[in-house]
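Single-structure report; data block below.
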Amino acid sequence: MDHIWYREWLFTIPSCEIPKAGDYVVYTVGVYSVVIVRGDDGKVRAFHNSCRHRGSVLCKTKKGTNPKLVCPYHQWTYELDGPLIWARDMEADFDVTKHGLKAVHCRNISGLIYICLAGEAPDIEPFVATSARYLAPHDLENSKVAFESTIVEEGNWKLVWENNRECYHCAGNHPALCRTFPEDPHAVGNSRDGVLASTQNAHVARCEAVGAPGARVEGPHGEWCFVRTPLLRAAESYTMDGKVAVTKPNSTLPFKDAGSLLKYSYPASWNHFLSDCSIVFRLTPISPTETELTTKWLVHKDAVEGRDYDLTRLTEVWVATNAEDREVVENNQRGIRTPAYEPGRYSDIHEGGVIQFVNWYASVLSGAIAASNQAAAE
Amino acid sequence: MDHIWYREWLFTIPSCEIPKAGDYVVYTVGVYSVVIVRGDDGKVRAFHNSCRHRGSVLCKTKKGTNPKLVCPYHQWTYELDGPLIWARDMEADFDVTKHGLKAVHCRNISGLIYICLAGEAPDIEPFVATSARYLAPHDLENSKVAFESTIVEEGNWKLVWENNRECYHCAGNHPALCRTFPEDPHAVGNSRDGVLASTQNAHVARCEAVGAPGARVEGPHGEWCFVRTPLLRAAESYTMDGKVAVTKPNSTLPFKDAGSLLKYSYPASWNHFLSDCSIVFRLTPISPTETELTTKWLVHKDAVEGRDYDLTRLTEVWVATNAEDREVVENNQRGIRTPAYEPGRYSDIHEGGVIQFVNWYASVLSGAIAASNQAAAE
Amino acid sequence: MDHIWYREWLFTIPSCEIPKAGDYVVYTVGVYSVVIVRGDDGKVRAFHNSCRHRGSVLCKTKKGTNPKLVCPYHQWTYELDGPLIWARDMEADFDVTKHGLKAVHCRNISGLIYICLAGEAPDIEPFVATSARYLAPHDLENSKVAFESTIVEEGNWKLVWENNRECYHCAGNHPALCRTFPEDPHAVGNSRDGVLASTQNAHVARCEAVGAPGARVEGPHGEWCFVRTPLLRAAESYTMDGKVAVTKPNSTLPFKDAGSLLKYSYPASWNHFLSDCSIVFRLTPISPTETELTTKWLVHKDAVEGRDYDLTRLTEVWVATNAEDREVVENNQRGIRTPAYEPGRYSDIHEGGVIQFVNWYASVLSGAIAASNQAAAE
């Protein structure tokens, strides 16, 4: 937790979830509780969810709207951008200006809110710039959450990632997803040889011609990646019949079969952006053997349920896929518990993405440990 | 646990709960289980609830009546005052006189049973003497338990005390209690300046004139306190309309508006004694983040439910207040979990009692640690 | 766990539970999960339940039948006797012959499957030879499981054994069992003086005359024991009226009142073998204060429920006895938790078996610790 989750930038929520001033969401990771709140100026900020008096949580519910942030214990009252403005019956020498809420690093990146709990946050500018280019056609600020689901998988968060970063298991486990998503690792560049399928190259060219970037691009430390891939048989969305799930598109793309813009950013999120909708996944470690997965389906903010989309049709493929992934992850977790387990060999063709994730993890952790050792030595 | 709960005197039950010989209650705190039992001689004693043979618990239920204490495992049988009197088929050289139950320090203090788990118990005589004077009008031996409630608060026991020792939070959280209980810290001497309201002084004078002491008095180490305070608008009891809850009084006080005799004794209990009833609160740590709170409403032993009192009317204010306190304590516990928490400043006016509790705790703990260190050094 | 459960031979299941090729049972103890499976050659084997690829469990359910063992994650496929035969899209230099399942020591001992998780298994030949002689009349391979029950007792596994190894508690706790089972410790040789009742000697002589050994015999380290004892009043089985529970006998014994062949083998099992049925008990530690007890009632494989036996009649005595034992064990566990507990004296007459168990445990543990120390010193 210290070296990854309390240090890296973490995706929390799409900004369209808190559209108005005073709207807030409480995000919890490990021992931290953070209030993400939109200010009177429209800007989204993040604060530690703990009163500067006796430390009570300020926001008790996971989501809500408040004109000010008022502590439920003794009613100390803060502005939406942090300063303390009222504390009853405190002594004359009490300085309210020194008791504002403690801020947490927070960035609204093309409609996705990221926070960082570290004192000094890692450089996120390359990711911000790339997101701006790749996500522009998907217009996330004009979206709304059509549905969300949260499940807790009984597996370590790294197993959830290892499972996410390969489709070797898809044929045997994901009948619904395999109707539209290409199992071929070359379709997304997940093979160890880095080769991309010719269909992928042709698709990217077609999308870029209309201003939607799609070439595979990775972060400087392998910590994030974008790549646009066509779906099978010119499918338009992750539906059972391959047709769009939402008739009012949630992108500016001029054709429906734009495939999926896949994005991941370690350690907290992967996403799929399609012509008609976007699907954002957020992963939160609960314990060494439990991981929470929250999935949100975003559609255009003016799309109307029943008219422009049917909720079951929109969500059924990934609801099923998440449940199937949960089962394989849990079996994986149960199986590696035995002292008889020794890691086996990966398939170079199918499991290049797993190897990439493991390398990223090992590199971050060894860097952090080296830094700790150096600090201790000084 | 070692330095406080296994060392200090702890309130357990009102003695009226076990009126007859053989009546017992099992009290559990941390790893200890204690049988509190009234003997054939009418005296209340406490024993470790573990058979001297294989260690099974003797009393399986929380409460009951037995002519002897019989182990459920192999039926070894003990007198109510401890000695082993029967053990089947033991060898001729087995000495029953060496296998009596192990006693725990136990005192019946004006109708309230206190125990101490330490080898050597701290001096309790000043508390016994003060209790005799202050509790005499409340006649606890002639009471009965009209109702009891147990809740588990997800908060450390010290947070429960910090919350109890101030009424700064009352206005924002306790609408029912605030109808009768004075939020003003000077009413009970909870302000850091120690000033008492003139209403309080007048009330004490009126009570002392009829033989009911009420002046604020503290234990030699701040570990207990008694103070009698008038309720608001001459209210008689903690009811929604301020009138008595029990028409048959549970005190010898000659007027109904006698206010409340507040008492606390760290670490296990606070109480309210009124003209018509008494309310005793017992706190037991369950884990570092869980505390059990048991509340008992005592009325005159001859009061009849439905005729002399209505149970809802008697209990609703404190049932609600306990639930409200539970919520603020739980929010406090959740909020201080974050590494971003740093203790804020207390209000001198409202939170003098909190400061007093924290000082008591720090002093007991530092004393105990110093004693441990010295013992280790020797 | 390391010194006992991961080192000694453990009873797991009767072999009649997996009669056909491909039948398997998953047995879990501590951090280990083991597949016990019958091969195409009819032989029973045990393997660690973890794929050699990413470590997923192979068998997800507790019981089933499969022609091959196929990993649910990426469908790597193993023969029933262990070798890997298929792994999709692995590189040319991947050697399947080096990725067979990891075997666990496994013996079918007269119809009872034992495994051992240690690298090198302790000598089990004396137990195998004695079992062959004592169990021959009970024909376990031609049995079936008529009923099984699993309960979790909130007590350490050693307390479950201490309770099992004495009948001092029977009179006060087991009304149903005491109708047929002799409480007298001399009936089974459980008294510390080792004396056997004359009734026991006469009974053994009668059984041995028809080829059924019954004299008390112990393993070289006290780790197992067989002894045949008559039931009270010539009872035939553990039923409420003492008559047989199954009219089609599950033994070759020529008389119904053959008593019970008692067997235990530390640390995982005790058994009762009667003329009409066999009852096998398996104990598995779940945590320091939780023990799982699985009981299986075996009858002749051709016995038909409703015709040859009534399930309630067959099982009610031991279902009740297990529940009663659970209660005393849980009270024992709760009672010894207090620091005030000190072990009391055992009854030499009744608790010789407890003393024998404690000696066995102390001897195994001190041997293991000495071996560890020596290894550390080298």
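Values quoted throughout were computed directly from the atomic coordinates according to the rules given, and no laboratory measurement underlies them. Bear in mind that the values here come from a model prediction, so they are computed numbers and not experimental data. Positions of Cβ are generated from backbone atoms using ideal geometry, with glycine treated the same way; all protein chains shown enter the neighbour counts.
What the table below lists for this structure:
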| quantity | calculated |
| --- | --- |
| Cubic angstrom per residue, convex hull over Cα atoms of segment A:36-152 | 159 Å³ |
| Segment A:96-184: projected area of the alpha-carbon convex hull, averaged over directions, in nm² | 10.5 nm² |
| For chain A: relative contact order, % (alpha-carbon pairs under 8 angstrom, 6 or more apart) | 17 percent |
| Rg to Rh, two decimals, where segment A:313-378 supplies the alpha carbon set and Rh follows Kirkwood | 1.16 |
| Along principal axes, Cα extents of segment A:245-291, largest first, whole Å | 44, 17, 13 |
| Per-bin percent of Cα-Cα distances, segment A:162-252 [10 Å] | 15, 43, 36, 6 |
| In degrees, nearest ten, helix B:311-336 long axis to first principal axis of chain B (Cα) | 90 degrees |
| Over segment A:151-192 - Rg/Rh using Cα atoms and the Kirkwood inverse-distance radius | 1.00 |
| Dipole magnitude (debye, nearest 20) for the protein assembly as shown, charges at Cβ of Lys, Arg, Asp, Glu | 1260 debye |
| Whole-Å distance, taken between Cα centres, linking segment A:178-232 and segment B:1-65 | 71 Å |
| Residue exposure sequence - C:SER143, C:SER363 - by fewest surrounding Cβ within 10 Å | C:SER363, C:SER143 |
| Proximal lysines to C:LYS62, defined as alpha-carbon separation beneath 27 angstrom and excluding residues fewer than eight positions away on the same chain | A:LYS158, C:LYS20, C:LYS43, C:LYS102, C:LYS144, C:LYS158, C:LYS263, C:LYS296, C:LYS301 |
| Acute angle (nearest 10 degrees) that the helix B:198-208 long axis makes with the longest principal axis of chain B, alpha-carbon atoms | 50 degrees |
| Area projected by the alpha carbon convex hull of chain B, averaged over all directions, nm² | 21.5 nm² |
| Diffusion constant of segment B:49-113 at 10 °C, which comes from Stokes-Einstein with the Kirkwood Cα-pair radius and 1.306 mPa s, µm²/s | 122 µm²/s |
| Gaussian network model of chain A, Cα within-10 Å springs - most flexible of A:ALA303, A:ALA176, A:ALA362 | A:ALA362 |
| Estimated inter-spin distance, A:GLU154 and B:ALA103, nm [label 7 Å along Cα→Cβ] | 5.1 nm |
| Reciprocal mean inverse distance between Cα atoms of segment A:219-378 - Kirkwood radius, Å | 18.5 Å |
| Size of electric dipole in segment B:95-218: Cβ of Lys, Arg +1 and of Asp, Glu -1, about Cα centre, debye, nearest 20 | 200 debye |
| Cα-derived Rg to Rh of segment C:74-225, Kirkwood definition | 1.12 |
| Estimated Rh, segment C:135-215: Kirkwood, alpha-carbon pairs, angstrom | 15.6 Å |
| For segment C:1-97, the fraction of alpha-carbon pairs in successive 5 Å shells from zero, as % | 3, 13, 23, 22, 17, 13, 7, 3, 1 |
| Positive-end residue of B:ASN322, B:TRP360, B:ALA377, charge dipole of segment B:307-378 with Cβ unit charges | B:ALA377 |
| GNM result for chain C, Cα springs below 10 Å: residue of C:THR291, C:THR97, C:THR150 fluctuating most strongly | C:THR97 |
| Estimated D of the protein assembly as shown in µm² per second, where Rh is the Kirkwood radius over Cα pairs and Stokes-Einstein applies at 20 °C, 1.002 mPa s | 61 µm²/s |
| Residues of type aspartates and glutamates that B:LYS68 reaches as a straight line, Cα spacing below 13 Å, ignoring anything fewer than 8 places off in the same chain | B:ASP23, B:ASP40, B:GLU79, B:ASP81 |
| Calculated Rg and Dmax of segment A:77-134 using C-alpha coordinates, Å | 17.1, 54 |
| Student exercise, chain B dipole from Lys, Arg, Asp, Glu Cβ charges, in Debye to nearest 20 | 600 debye |
| Mean-position separation - Cα centroids, segment A:137-175 and segment A:266-344, in angstrom | 3 Å |
| Chain B: angle of helix B:352-377 to the longest principal axis, Cα-based, in degrees nearest 10 | 30 degrees |
| Rg(Cα)/(2.2 N^0.38 Å) for segment B:247-323, N = residue count | 1.23 |
| Simple label model, 7 Å out from Cα along Cβ direction - B:ASP81 to C:VAL217, nm | 5.9 nm |
| Relative contact order of segment B:16-153, defined on C-alpha pairs under 8 angstrom at six or more residues apart (%) | 19 percent |
| Most mobile listed residue (A:GLN200, A:GLN333, A:GLN75) in chain A, GNM with C-alpha springs under 10 Å | A:GLN75 |
